[in-house]
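Where a number appears in this text, it was derived from the coordinates with a stated rule and is not lab data. Owing to the predicted nature of the structure, the values given are computational and were not obtained by experimental measurement. Ideal geometry is used to build each Cβ from the backbone, glycine not excepted, and the neighbour counts take in all protein chains shown.
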């Protein structure tokens, strides 16, 4: 089921939306890479440090969910961060299968020295929208995300493009090694 061709007027708008999405994605990666480099971290490590600083201790599974990567990928990131003295692992007292990740004092100091988490920049930009603009954007983005998932399932054969962190995670894992 190929969608009908896009009218020339709409094609220009589609191209402009794509340019905006690509800009936001590349700018996010550029900012993350620059801040990580200044702190002598990888991009995924920066994300973990700032996330743990903001929300506190997380289980490995919670951390994996939040950064949209597989547990095995996050384990590799955490292994290296633990060797560098930035985080510790602690087994849950309630459920021994659960491992909590916690910033060390060195990790907290490093997190505090990093001026901003890149997603905070985008959050600030989104917060400048009024309530109706936010609802409209959410409705549209949800519709686009659902359509992307359908296309991925059909054309790529993945069960759920919500695991897009899988391919990103594999790249992060390679970056960590």
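Could you work out how far apart the two model spin labels at residue 143 and residue 121 are, taking each label as a point 7 Å from the Cα in the direction of the beta carbon, and quote it in nm?
Each label point is offset 7 Å from its Cα along the Cβ direction, giving 3.0 nm.
From the helices alone, meaning DSSP H stretches of at least four residues, give me the mean residue ellipticity at 222 nm for the chain, per-run term -39500 (n - 2.57), in deg cm²/dmol to the nearest 500.
Calculated mean residue ellipticity at 222 nm is -22000 deg cm²/dmol.
Under a 10 Å cutoff between Cα atoms, tell me which one of 139, 108, 80 has the largest fluctuation in the Gaussian network model of the chain.
Comparing 139, 108, 80 in a Gaussian network model of the chain, the most mobile one is 139.
Over all directions, average the projected area of the Cα convex hull of the chain and note it in nm². Please list the in-between numbers first.
Working: hull surface 52.2 nm².
If I average the Cα hull's projected area over directions, I get 13.1 nm².
Calculate how steeply helix 71-83 sits against the longest principal axis of the alpha-carbon atoms of the chain, using the helix alpha-carbon long axis, and give the answer as 0 to 90 degrees to the nearest 10.
Relative to the chain, helix 71-83 is tipped by roughly 40 degrees.
Could you grab the Rg to Rh ratio for segment 1-86? Cα atoms only, Kirkwood for Rh. All intermediate terms of the calculation are to be shown ahead of the outcome.
Values: Rg = 18.4 Å, Rh = 15.5 Å.
Reported Rg/Rh (Cα atoms, Kirkwood Rh): 1.19.
Gaussian network model of the chain, Cα springs within a sub-10 Å range: biggest mean-square fluctuation belongs to which of 72, 61, 92?
Ranking 72, 61, 92 by mean-square fluctuation puts 92 first.
So what's the angle, to the nearest 10 degrees on a 0 to 90 scale, between helix 131-155 and the longest Cα principal axis of the chain?
90 degrees
Out of 69, 131, 145, any idea which swings most in a Gaussian network model of the chain, alpha carbons joined below 10 Å?
131
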